[in-house]
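The values are calculated or read from the model by the stated rules, or taken from the named source; none is laboratory data. Remember, it's a predicted structure, so these values are computed and weren't measured experimentally. Reconstructed Cβ throughout: ideal geometry from the backbone, glycine too, with neighbour counts over all protein chains shown. For the accessible areas, the whole protein counts, side chains as well, though only heavy atoms, and no ligand, DNA or RNA atoms are used. Shrake-Rupley method; radii C 1.70, N 1.55, O 1.52, S 1.80 Å.
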Amino acid sequence: MKKIVMLGVAISISFFMMACQKDRADSEKVNDILKKEEYVKIELGENYHQSSVLFALQDEKAVIPKDVKWGLPKYREKDIIGVSFGEEGVETYRADGEMYPELYAKSYLSAIVRLNLTVKEVKDSNYYIKIADKTQLRWFENELYTISTMIIGDSYDLSGVSIEFDQQYRPIKKIFQLKKKDNTMLGKEEKESINCIQEFSYEVGMVKFNGQFRRVKKMIEKN
């Protein structure tokens, strides 16, 4: 009986996913799909200043949780940013749009937005878009320069970017292919590429986000 129930659940999920795909017109833009998202969590490789960041996209809020593997706990609420420096204290700023770019979702998504992809393009590529055009690669180079510890053009060149999408045409993983500039860096490109990975999850939800956000904001405000 248990197996029958589980099979029924699996079939229902399959039909639901198929329905989601059918509801999307081929001409629909990925950008328009992303505009409707409410929450996203981005997990980051070691070449970033923090291991993860959560966004409430419609409310213009972001938080780097207190219990991240690495990185300073921070929050952004529209143009107000709060940062905990541990034993060195806390600071609250009125942001100018350039301070702490890691707290802005556009810092991770602007290059994808500029691609202006359609549902058909994602579907035809089997949900895996590869970027090799030099102009487009510069968009992703600028992104890395803004939010990571990597300086492309110093020891490495960016030779390609791969973007994986889910069945709802949302980006879920971004992989940067790095190419060494000299033979002294032999064997390190793969490690550095892994350290630049970005992974996106859209199942955060209001309760989880608000819990993390309030926790960090309260910690900063009481000091």
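Quickly run through the range 111-121 and pick out the residues that are within 18 Å of the chain's Cα centre (by Cα) and open to solvent by less than 30 Å² (accessible area, probe 1.4 Å). Across the range 111-121, the qualifying residues are 111, 112, 115, 117.
Pairs linking a residue in the range 200-222 that is more than 23 Å from residue 165 (Cα to Cα) and open to solvent by less than 30 Å² (accessible area, probe 1.4 Å) to a residue that is in a helix (DSSP H, G or I) and modelled with pLDDT of 95 or more, with Cβ atoms under 7 Å and 6 or more positions apart or on different chains, do not occur. For the range 152-169, the condition holds for no residue, the condition being that it is part of a helix (DSSP H, G or I) and open to solvent by 30 Å² or more (accessible area, probe 1.4 Å). If you go through the range 125-144 and pick out every residue that is closer than 11 Å to residue 115 by Cβ, surrounded by 13 or more Cβ atoms within 10 Å (Cβ to Cβ) and out of contact with any Asp or Glu (no Cβ under 9 Å at 6 or more places or on another chain), you end up with 4.
Scanning the range 78-105 for residues that are surrounded by 13 or more Cβ atoms within 10 Å (Cβ to Cβ) and either among the basic types (Lys, Arg) or free of Cβ contacts under 8 Å to residues at least 12 places away in the same chain (or both) gives a single hit, 91.
Out of the residues in the range 39-73 meeting the condition of being acidic (Asp, Glu) and modelled with pLDDT of 95 or more, tell me which one is surrounded by the fewest Cβ atoms within 10 Å (Cβ to Cβ). Checking each candidate, the answer is 60.
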